[in-house]
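To start, the structure under review is shown below, and the notes come after it.
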There are 2 protein chains.
Amino acid sequence: MTEQVILGIDIGGTNTKLGLVDRNGRALSSMSISTHATEDVSFFSSYLQVAIQKLQEDVVVPFTLCGTGIGAPNANFHSGCIEQAPNLYWGDVVPIADIVSNITGVPTWITNDANAAAIGEMKFGVARGLKSFVVLTLGTGLGSGIVIDGELIYGHDGFAGEVGHVTLRQGGRSHTTGRLGSAETYISATGLERTAFELLGQNHAASKLRTKSMVQADAHYLYKLARKGDEIALRAFNITGELLAEVIADSLALLDIEAVILFGGLANAKGLLLDPMHMKLQELLSAEEYQQLRVLISDMKGDNSAILGAAALAWQVLSATETGALTPE
Amino acid sequence: MTEQVILGIDIGGTNTKLGLVDRNGRALSSMSISTHATEDVSFFSSYLQVAIQKLQEDVVVPFTLCGTGIGAPNANFHSGCIEQAPNLYWGDVVPIADIVSNITGVPTWITNDANAAAIGEMKFGVARGLKSFVVLTLGTGLGSGIVIDGELIYGHDGFAGEVGHVTLRQGGRSHTTGRLGSAETYISATGLERTAFELLGQNHAASKLRTKSMVQADAHYLYKLARKGDEIALRAFNITGELLAEVIADSLALLDIEAVILFGGLANAKGLLLDPMHMKLQELLSAEEYQQLRVLISDMKGDNSAILGAAALAWQVLSATETGALTPE
């Protein structure tokens with residue numbers, strides 16, 4: 001009997017990762033190509049075609065490709081299109097599911113990266129067995145995937161989970177969307193940097209950060225500074241952790257979830273971010289609420305996590321189809 | 001053939017309304033009794049037993065009672081209990097579903113009033129045909145019922161939809177929960193009153209409100225003042241409408257709903273509340289988002305709306321059972 005596999009593709013603004021993933025979340029082969037975000041999408045699709053060919057040749061066991069799952073910015077599950085993605089210049093509406101299906105000959109499902117992460121955590125990660133949770137993706141931006149009663153919420157237009165666009169501070173920081181004070185401008189790698197530079201103005205403490213430009217001082221640099229005890233960097237993590245707790249408390253009030261899962265680069269800051277987050281959560285929640293809520297850190301490590309998330313989407317749709325709950329479009 | 005009916009019960013802090021409702025949302029008979037909130041629950045149950053008897057005698061056509069639906073504060077769908085309701089003094093956990101089932105001999109389902117309103121709107125009201133929406137109940141407090149893909153979200157502990165407990169203004173107004181700045185302290189009849197009295201301090205404009213105590217000046221009085229052009233009262237409605245828009249914009253970002261339905265006393269303030277709300281929504285949302293989002297006012301008028309909502313809950317569970325999707329507990 002041949003092994004059934006899914007092609008998982010994670011399209012980022014710079015690189016696209018892809019891999020063949022089995023039912024147990026094991027990547028049989030994987031690779032990375034340039035997204036060619038600023039060129040015509042035909043460049044991307046021809047590079048992708050070559051890469052998919054190579055991926056399949058790399059697998060030594062007999063297998064059947066059953067479908068493709070894609071995680072991409074502004075990807076709409078319902079339409080199969082990437083719509084108005086701010087970091088891709090392929091056009092306003094790109095029918096990426098059709099493009100990829102034409103290459104592979106198998107059905108393709110797409111969703112945004114945060115939703116793919118949520119499904120990945122549910123099928124292969126720390127959310128196994130959980131029925132209602134929110135995955136917060138703490139990367140360059142802030143995203144979320146919401147799972148209720150075991151089902152990911154796609155929303156009416158396919159864009160549910162935009163917790164990054166929720167207003168956290170009225171009249172606060174500006175954002176490319178034009179909104180003011182949205183959560184993403186505070187709780188993200190970029191938000192951490194903005195907080196640190198605000199603090200340079202507000203607080204006179206000595207800091208190595210004073211010799212760096214904003215472009216030089218990324219979140220990873222701030223992490224290293226904070227670990228060495230730099231007061232400004234530490235305070236920036238503190239503030240970010242406390243703001244994260246606010247978003248978690250509001251999500252709990254609205255959705256009555258059993259767990260929050262933190263995913264992405266900033267989640268690796270561990271105690272620097274999590275200690276102030278827990279302190280603030282205890283302040284915002286009742287003792288019972290705090291005790292019941294589980295805050296988990298994604299254990300999907302390394303480059304394959306995004307591929308696994310994308311593949312999990314397709315596995316989920318296929319499982320639902322097998323049980324008759326959903327017919328693929 | 002006898003008519004199938006549901007007993008719908010809406011338990012409030014002061015009065016309890018009950019009625020027999022058919023599949024089309026028609027109340028065949030209805031009445032109201034005192035909730036006896038400060039006495040032992042056995043008082044309430046014996047009064048309820050008499051009332052249910054009388055309700056059934058009032059119906060002139062032959063009928064079969066198929067079940068009971070209850071809307072009540074802090075009612076937990078999963079457990080069938082009222083848990084820590086702040087305005088009922090029947091004990092911490094009251095097994096109200098069991099109490100009522102013992103009276104009627106038919107299955108009973110319960111949920112909180114905002115969730116009952118959401119199901120009522122979906123089955124009998126303005127939300128017919130909608131798949132994803134939020135009902136905001138603008139009463140003494142602020143509640144919400146969230147429907148995604150045609151299903152009400154109950155949450156892990158049965159308490160989803162507590163939009164009133166979401167933080168709207170950090171460090172803002174105090175609340176019995178101990179939280180600061182929660183949405184309920186601004187967007188509700190009580191919130192409107194608090195805003196008006198804050199304005200009396202901040203704004204020197206002449207106002208009839210200056211001769212009234214906070215206890216005298218309820219939301220209905222403020223409505224009458226505003227209609228007569230009182231500057232303070234008008235401004236209070238303006239602010240409340242703008243804050244309502246903030247909650248709606250955040251709900252849209254998070255849940256990607258197609259509609260928001262406003263329910264409850266404050267929703268009847270119409271333009272006084274809705275005009276500033278729409279102005280602010282246009283500021284907060286993109287043109288496309290604003291155009292797509294429908295803000296609807298509940299058309300469930302009169303005393304029966306809460307009964308219909310409670311009955312709709314039971315009708316929904318029974319329909320799901322008939323189609324095999326859900327087995328009653």
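Counting pairs of alpha carbon atoms under 8 Å apart in space and at least six apart in sequence, what relative contact order in percent does chain A give?
19
A Förster distance of 51 Å, applied to the separation of the beta-carbon atoms of A:THR2 and B:SER29, puts the FRET efficiency at 0.20. Taking all protein chains into account, the per residue accessible area for chain A stands at 42 Å² (1.4 Å probe). Restricting attention to the protein assembly as shown, close to 55% of DSSP beta bridges with both partner residues there are antiparallel. Dipole of segment B:58-201 computed with +1 at Lys/Arg Cβ and -1 at Asp/Glu Cβ about the Cα centre; of B:SER101, B:HIS175, B:TYR186, farthest Cα towards the positive end is B:TYR186. Sorted from nearest, the other copies put their B:ASP275 label points 5.5 nm away, the label point being 7 Å from Cα in the direction of Cβ.
With springs only between Cα atoms under 10 Å apart, run a GNM on chain A and tell me which of A:PRO73, A:PRO62, A:PRO107 wobbles the most. It is A:PRO62. Spread over its residues, the convex hull of the C-alpha atoms of the protein assembly as shown is 171 Å³ per residue. Placing +1 on the Cβ of every Lys and Arg and -1 on the Cβ of every Asp and Glu, with nothing else charged, gives chain B a dipole about its Cα centre of roughly 1120 debye. In segment A:230-248, comparing the full protein assembly with the chain on its own, no residue loses 40 Å² or more of accessible surface at a 1.4 Å probe.
Interface size, chains A and B: roughly 2700 Å² of accessible area buried, both sides included, 1.4 Å probe, rounded to the nearest 100. Near A:ASP92: Cβ cut-off under 13 Å, other residues only, Lys/Arg at +1 and Asp/Glu at -1. The net charge is -2. For the set A:LYS280, A:LYS212, A:LYS54, solvent exposure ranked by accessible area (probe 1.4 Å, protein chains only) runs largest to smallest as A:LYS54, A:LYS212, A:LYS280.
The accessible-area loss of segment B:253-273 on complex formation, taken against its chain alone with a 1.4 Å probe, reaches 30 Å² or more at B:ALA253, B:LEU254, B:LEU255, B:ASP256, B:GLU258. Counting only alpha carbon atoms, the long axis of helix B:41-58 and the longest principal axis of chain B meet at about 70°.
Other residues within the sphere of radius under 15 Å centred on the Cβ of B:HIS220, judged by their own Cβ, net out at +3 (K and R +1, D and E -1). Within the straight-line cut-off of under 25 Å between alpha carbons, the lysines reachable from A:LYS54 are A:LYS17, A:LYS301, sequence neighbours fewer than 8 places apart in one chain being disregarded. Just to be sure I understand the interface: list residues from segment A:156-201 that lose 40 Å² or more of accessible area between the chain on its own and the complete protein assembly, 1.4 Å probe. Hits at the 40 Å² cut-off: A:HIS156, A:ASP157, A:VAL166, A:GLN170, A:ARG179. Across segment A:154-295 the C-alpha pair distances fall into 10 Å bins from zero in the proportions 11, 39, 35, 13, 2 percent. Between A:SER174 and A:SER42, the FRET efficiency from the beta-carbon distance, with R0 = 45 Å, is close to 0.80. In this Cβ point-charge picture (+1 for Lys and Arg, -1 for Asp and Glu), segment B:82-221 has a dipole of about 700 debye about its Cα centre. For segment B:26-93, count all C-alpha to C-alpha pairs, find those more than 14 Å apart, and express that count as a whole percent of the total. Summing the P(r) tail past 14 Å for segment B:26-93 gives 68 percent. Here the label points at B:GLN216 and B:ARG128, each 7 Å from Cα along the C-beta direction, are separated by 4.6 nm in the simple model. Positive contributions from Lys and Arg (+1) and negative ones from Asp and Glu (-1), summed over other residues with Cβ under 9 Å from the Cβ of B:PHE159, come out at -4. Atom-type composition of the exposed protein surface of chain B places 51 percent of the accessible area on carbon and sulfur (1.4 angstrom probe). Applying a threshold of 27 Å to the alpha-carbon distances of B:LYS212/B:LYS280; B:LYS208/B:LYS270; B:LYS131/B:LYS280; B:LYS224/B:LYS280; A:LYS280/B:LYS131 flags B:LYS212/B:LYS280; A:LYS280/B:LYS131 as lying beyond it. For chain A, the longest principal axis of the C-alpha atoms and the axis of helix A:304-322 are separated by about 50°.
Can you tell me the relative contact order of segment A:225-326? Whole percent, Cα pairs under 8 Å, sequence separation 6 or more.
Result for segment A:225-326 is 29 percent.
A straight line joining the Cα centroids of segment B:106-173 and segment A:138-181 runs 20 Å. Rolling a 1.4 Å probe across all protein chains gives A:ILE297 an accessible area of roughly 60 Å². Accessible surface of B:GLU184, taken over heavy atoms with a 1.4 Å probe and every protein chain present, rounds to 40 Å². Expressed as an acute angle from 0 to 90° and rounded to the nearest 10, what is the orientation of the C-alpha long axis of helix A:189-202 relative to the principal long axis of chain A? Around 10 degrees separate the two axes. In segment B:1-53, Cα pairs under 8 Å separated by at least six residues give a relative contact order of 26 percent. How much accessible area does A:THR177 have with a 1.4 Å probe, in Å² rounded to the nearest 10? Counting only protein heavy atoms, A:THR177 exposes about 70 Å² to solvent. Among B:GLN56, B:LEU281, B:VAL5, which residue has its Cα positioned farthest towards the positive end of the charge dipole of chain B, with +1 placed on the Cβ of Lys and Arg, -1 on the Cβ of Asp and Glu, and the dipole taken about the Cα centre? Result: B:LEU281, furthest along the dipole toward the positive end.
The values are calculated or read from the model by the stated rules, or taken from the named source; none is laboratory data. Bear in mind the structure is a predicted one, so any value in this text is a computation, not a measurement. All Cβ positions, glycine included, derive from the backbone under ideal geometry; neighbour counts span all protein chains shown. Accessible surface is based on the protein model in full, side chains and every heavy atom, while ligands, DNA and RNA are left aside. Shrake-Rupley method; radii C 1.70, N 1.55, O 1.52, S 1.80 Å.
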